[in-house]
Amino acid sequence: MINLEQISNPYQSLVPFSGISKNFIEKALQNNKLISYRTYAFFGTLKSNLDLIYQQKEQELIENNDVYGRNFISAWIKE
């Protein structure tokens, strides 16, 4: 496991807090059922654009279903 306290994050300034929330999407799709949900881009950019150490941490966060990624993907089914 990578200890983020031991490394600096050059991508931190690239992560503005804005966008659409999961709650907003749930309200907009209230006649639909959420099937799956996951977040990504925890460091403000896609994993493929990150240095190796951040790619590894990004993968850890994805595998742990962390909900604080900058972007998200979801699957819905109409009820």
Single condition SER18 does not satisfy, out of (1) part of a loop (DSSP other than H, G, I, E, B); (2) modelled with pLDDT of 85 or more; (3) within 14 Å of the chain's Cα centre (by Cα): (2)
Taking the condition of being of a type outside the set (A, V, I, L, M, F, W, C), exposed (fewer than 12 other Cβ atoms within 10 Å of the Cβ) and modelled with pLDDT under 90, how many residues in the stretch 31-79 meet it? 3
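The values are calculated or read from the model by the stated rules, or taken from the named source; none is laboratory data. Note that the structure is a prediction, hence the values are computed from the model and not measured. Don't worry about glycine lacking a Cβ; one is built from the backbone with ideal geometry, like all the others, and counts go over all protein chains shown.
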